[in-house]
1. Can you compute 3J(HN,Hα) from phi for each residue in segment 233-247, using the Karplus curve 6.51 cos²θ - 1.76 cosθ + 1.60 with θ = phi - 60°, rounded to whole Hz and x for Gly and Pro?
2. Would you mind getting me the FRET efficiency between residue 372 and residue 270? Use the beta-carbon distance for r and R0 = 45 Å, nearest 0.05.
3. Measuring from label point to label point, each 7 Å out along Cα→Cβ, what is the residue 280 to residue 297 span in nm?
4. Near the amide H of residue 88, under 5 Å away, which other amide H atoms are found, from residues 5 or more places off or on another chain, if H is placed in the peptide plane?
5. Tally the DSSP beta bridges in the chain and give the antiparallel ones as a percent, rounded to 5.
6. Sticking with the crude label model, points 7 Å out along Cα→Cβ, report the distance from residue 365 to residue 258 in nm, one decimal please.
7. Calculate, in nm to one decimal, what residue 312 and residue 123 gain on full extension: separation in residues at 0.36 nm each, minus their alpha carbon distance.
8. Taking amide H atoms as placed 1.01 Å from N in the peptide plane, list the residues 5 or more away in sequence, or in a different chain, whose amide H sits under 5 Å from that of residue 329.
Amino acid sequence: MTESGHGPLSGVRVVELAGIGPCPFAAMTLADLGADVVRVDRPGGAALGIDPAYDLTNRNKRSVVIDLKTPQGAERVLELAERADILIEGYRPGVAERLGVGPDACLARNARLVYGRMTGWGQQGPLADTAGHDISYIALTGALGMIGAPDAPPTVPANLLGDYAGGSLYLVIGLLAALRHATAPGGSGQVVDAAIVDGTAHLSSMIHGMLAGGGWQDRRGSNLLDGGAPFYGTYETADGGHMAVGALEPRFYAEFIRLLGIEAEAPARDDLASWGALRDTIAARFRSRTRAEWTAVFEDTDACVAPVLSLREAPHHPHLAARGTFLDHGGLTQPAPAPRFSRTPAAVRRPPAQPGADTEEIARDWAVPGLLPAPPDARPPTPEPTATDPAPEPGSGTREAR
């Protein structure tokens with residue numbers, strides 16, 4: 001049934017203007033699905049200084065180094081945009097325009113281009129020009145306030161909820177929807193404004209519905225899905241490990257308390273006043289055995305109980321190993337591309353792109369010879385300075401990116 005080993009986006013060309021966080025992950029997702037992603041790296045590398053060899057968000061991509069603070073650099077990006085289907089940038093509002101590679105300039109060269117803009121606050125609004133990070137965005141949307149125990153500060157969910165769920169994946173959805181429109185008869189390119197605050201808020205749609213209907217309390221650790229229910233949460237085991245319990249439905253709950261061995265002493269499940277006592281009973285029982293022992297008890301049952309694994313443990317779990325949820329490529333253990341396709345499977349084809357390492361390939365494949373340095377004998381001679389030449393001002397010839 002397999003028809004292609006390159007993924008369903010094979011043939012789609014993407015230009016990614018280098019940044020950190022959600023943009024690289026969105027571009028990696030497109031690359032995993034088969035798109036030809038050219039990452040435009042800046043001279044000097046990324047601000048975080050991560051060794052490019054380990055930056056998995058740059059796998060399946062190719063890289064060229066372009067100095068966007070020069071007119072020549074902007075022209076090279078516009079030449080790439082002419083030949084691309086999608087362009088992604090994650091600058092603050094207005095920066096791409098000042099660099100000469102904003103949506104108007106790019107769409108003037110390629111009317112069917114999908115121009116993706118990834119920011120935290122969005123392109124408009126009182127906070128649009130201010131700095132922020134994942135934690136800032138999920139704080140304002142109410143998402144962070146839902147996470148954690150009621151008697152402790154909110155728990156930070158790494159940068160998965162804002163940057164990647166509310167940011168990267170919403171950008172990918174928008175890009176693919178806009179690409180379908182651009183390639184349809186009579187279609188055209190457009191700008192996709194993906195703001196992390198918008199995506200994160202959208203993720204909480206069900207919770208807002210429950211809140212309006214009286215089925216959710218506006219405080220953390222007090223509801224069915226936020227750890228408030230004693231049968232939906234985590235418990236410590238005798239060896240300091242943890243088990244995750246998700247026995248929401250009555251029949252799963254019945255299986256859970258039977259295997260846990262507390263049928264006779266457990267308070268009524270639906271008596272909210274007894275939830276504290278039920279939690280204490282469950283917690284005491286879990287502390288009586290190790291994580292491995294409880295894992296064996298609940299394995300292959302419908303009690304909805306699983307061990308809480310670490311990042312290094314997860315790839316070795318029998319189920320994830322059988323599915324190939326993680327893979328090894330180039331000596332790096334990493335999550336495999338997702339989701340899966342029956343006819344056009346995605347794959348990890350290339351290791352993380354090294355800045356500028358693919359310039360010649362890209363210049364040839366995308367027909368942009370200007371990416372290559374001019375031969376030494378083709379470069380115009382540098383004129384000798386004279387006494388009447390004005391001295392260059394500090395920072396002349398550059399445009400500030402931030």
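The values are calculated or read from the model by the stated rules, or taken from the named source; none is laboratory data. Everything quoted here is computed from the prediction, not taken from an experiment. Heads up, the Cβs are rebuilt from the backbone with ideal geometry, glycines too, and the neighbour counts pull from every protein chain shown. These area figures cover heavy atoms from the full protein model, side chains too; ligands, DNA and RNA do not enter into them. Shrake-Rupley method; radii C 1.70, N 1.55, O 1.52, S 1.80 Å.
1. x, 10, 9, 7, 9, 4, 9, x, x, 9, 10, 9, 10, x, 7
2. After rounding to 0.05, the efficiency reads 0.05.
3. 2.0
4. Excluding prolines and chain starts, which carry no amide H, the hits are 15, 16, 17, 116.
5. Bridges in the chain that DSSP calls antiparallel: roughly 35 percent.
6. Between residue 365 and residue 258, the simple spin-label model gives 5.6 nm.
7. Length difference between fully extended and current span is 64.2 nm.
8. Here 334 satisfy the definition.
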